[in-house]
Amino acid sequence: MEGEGGERKRGARLCCVCKKSRASVKRPKTLEQICRECFYDAFESEIHQVILENQLFSPGERVAIGASGGKDSTVLAYVLSKLNRLHNYGLHLFLLSVDEGITGYRDDSLETVHRNQIQYGLPLKVVSYKDLYGWTMDEIVRVIGLKNNCTFCGVFRRQALDRGASLLKVDKVVTGHNADDIAETVLLNLLRGDVARLSRCTSITTGEDGPIPRCKPFKYTYEKEIVMYAYFKKLDYFSTECIYSPNAYRGFAREFIKDLERIRC
Amino acid sequence: MQLTLEFGGGLELLCDSKKIHNVNIEQHNGEDKLIMKDLLSWVQTNLIKERPEMFMKGDTVRPGVLVLENDCDWELSGQLNTSLEDKDVVVFISTLHGG
């Protein structure tokens, strides 16, 4: 129903799915103009489809959600919890957090994870670099300087997640890597000529030959949609950049992809 | 024109760590019209206190910054051409940080 000129009907388009409510978001994944409720349904059911089609879980499995307190892992914990109940996946879910010892960054985001533990009713385990390795990231950077910090941290974190996962005796670890992250990783590996990583980096499940495989249920989920979902649902997450990340090469890949997306539409 | 502006996803750090700003925008062209493009440049000049490149790129927001007008995606209302009215709520959320 179009309003008359002068009424507050600016941009009042109807949801292209239900055709009843007003559209609130333009989905980058499908370019559909969709209302909130239909957006929640589409968002959640697409993730459910990814889980089924890729056979990510089996009933009775203990699954640790890599939780940083950031947007992706918070939304992942919320959605996986919901789908587990709704569709009877039969999973035992846990939150697993890694404390790298980065002052002003990690200490704040861990507070968020503690709140998530209460909000979602999921048990939480925190493992720290200090306990595992005897070094915090701050101490490491003081020695190596502000170069290649992410490279060190990434390696340590993967190990830390494995250690935490085995302490929790879980069968699987899930992380919140989204479609944008994976696109950046593909570009990064291409630019660096890292053929070995390039061939592995889009797998939805990795480490199947090891003790604890990991998977990425958000592989096909767009970052914008994760943020919009969290915003509309008022989910609690922490959003500051790690203080060491401005120096990371990934930033260039991210900027490039975001610029490309803009001209694509 | 009175507006409520909200900054999230880390953008609040660019405006004195304040998430919500209630502002009054004077219009110079004599008309009662304000579009998003005008608002952005007003925000850049009056609210962004540091690292302006994190908020804007050229005459629009930096790619990765989402804009909502009255809880509605600005991509549905014409982005920079979105027209604003008195008492509107505009939200800027950055997606450019760890997850």
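We did not get these values from a lab; they are worked out from the coordinates using the rules stated. None of these values were measured; they are calculated from a predicted model. We place every Cβ from the backbone using ideal geometry, glycine too, and count neighbours over all the protein chains shown.
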**Request:** From other protein chains only, count the Cβ atoms within 10 Å of every residue's Cβ in A:235-241, then give the mean.
**Result:** 5
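Assuming 0.36 nm per residue, please report the length gained on full extension of the stretch residue B:53 to residue B:24 beyond their Cα-Cα distance. Intermediate values should be presented prior to the final figure.
On the way: separation 29, 0.36 × 29 = 10.44 nm, distance 2.41 nm.
So the chain would gain 8.0 nm between residue B:53 and residue B:24.
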**Item:** Average beta carbon contacts from partner chains per residue of B:72-81, 10 Å cutoff
**Value:** 5
**Request:** Please report A:87, B:28 as a ranked list, fewest other C-beta atoms within 10 angstrom at the top and most at the bottom.
**Result:** B:28, A:87
**Prompt:** What is the mean number of Cβ atoms from other protein chains located within 10 Å of the Cβ atom of each residue in peptide A:13-24, rounded to a whole number?
**Reply:** 1
**Prompt:** Just how far, in whole angstrom, is region A:28-84 from region B:22-99 if you go by their alpha carbon centroids?
**Reply:** 30
**Request:** Mark the label point 7 Å from the Cα of residue B:2 along Cα→Cβ and return the residues of region B:65-99 whose backbone N is within less than 16 Å of it.
**Result:** B:85-90
**Request:** Name the residues whose placed amide hydrogens come within less than 5 Å of the amide hydrogen of residue B:8, ignoring near sequence neighbours (fewer than 5 apart) on the same chain.
**Result:** B:92, B:93, B:94
**Fill in**
Under the 7 Å Cα-to-Cβ spin-label approximation, residue A:159 and residue A:259 lie apart by a distance in nanometres of 3.7
**Item:** Helix-derived mean residue ellipticity, 222 nm - over chain A, DSSP H n ≥ 4, -39500 (n - 2.57), to 500
**Value:** -15000 deg cm²/dmol
**Request:** Return the lysines within reach of residue A:224: Cα separation strictly under 21 angstrom, same-chain partners fewer than 8 residues apart disregarded; answer none if there are no such residues.
**Result:** A:26, A:29, A:71, A:82, A:216, A:233, A:234, A:258, B:19, B:57
**Given charges at beta-carbon only (K, R positive; D, E negative), |dipole| of chain B in Debye** = 400
**log10 of Debye I(q)/I(0), alpha-carbon scatterers only, for region B:2-94 at 0.10, 0.11, 0.23 Å⁻¹** = -0.22, -0.27, -1.31
**Message:** Tell me which of A:183, A:159, A:232 sits at the most positive position along the dipole axis of the protein assembly as shown, charges placed on C-beta atoms (Lys, Arg +1; Asp, Glu -1).
**Reply:** A:159
**Fill in**
Checked against the positive end of the charge dipole of region A:46-264 (+1 on Cβ of Lys and Arg, -1 on Cβ of Asp and Glu, about the Cα centre), the farthest of A:97, A:48, A:120 is A:48
**Message:** At 24 angstrom or more along the helix axis (alpha-carbon based) and mean Kyte-Doolittle of 1.6 or higher, what helices does chain A contain? Whole DSSP H runs only.
**Reply:** none
**Request:** Between residue A:167 and residue A:143, take the C-beta separation as r, use R0 = 22 Å, and let me know the FRET efficiency to the nearest 0.05.
**Result:** 0.20
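With n ≥ 4 as the cut-off for DSSP H runs, can you work out [θ] at 222 nm for chain B, using -39500 (n - 2.57) per run divided by the number of residues, rounded to the nearest 500? Present the calculation step by step, with values, prior to reporting the outcome.
Numbers: 1 runs with 11 residues, N = 99.
My calculation for chain B gives -3500 deg cm²/dmol from helical runs alone.
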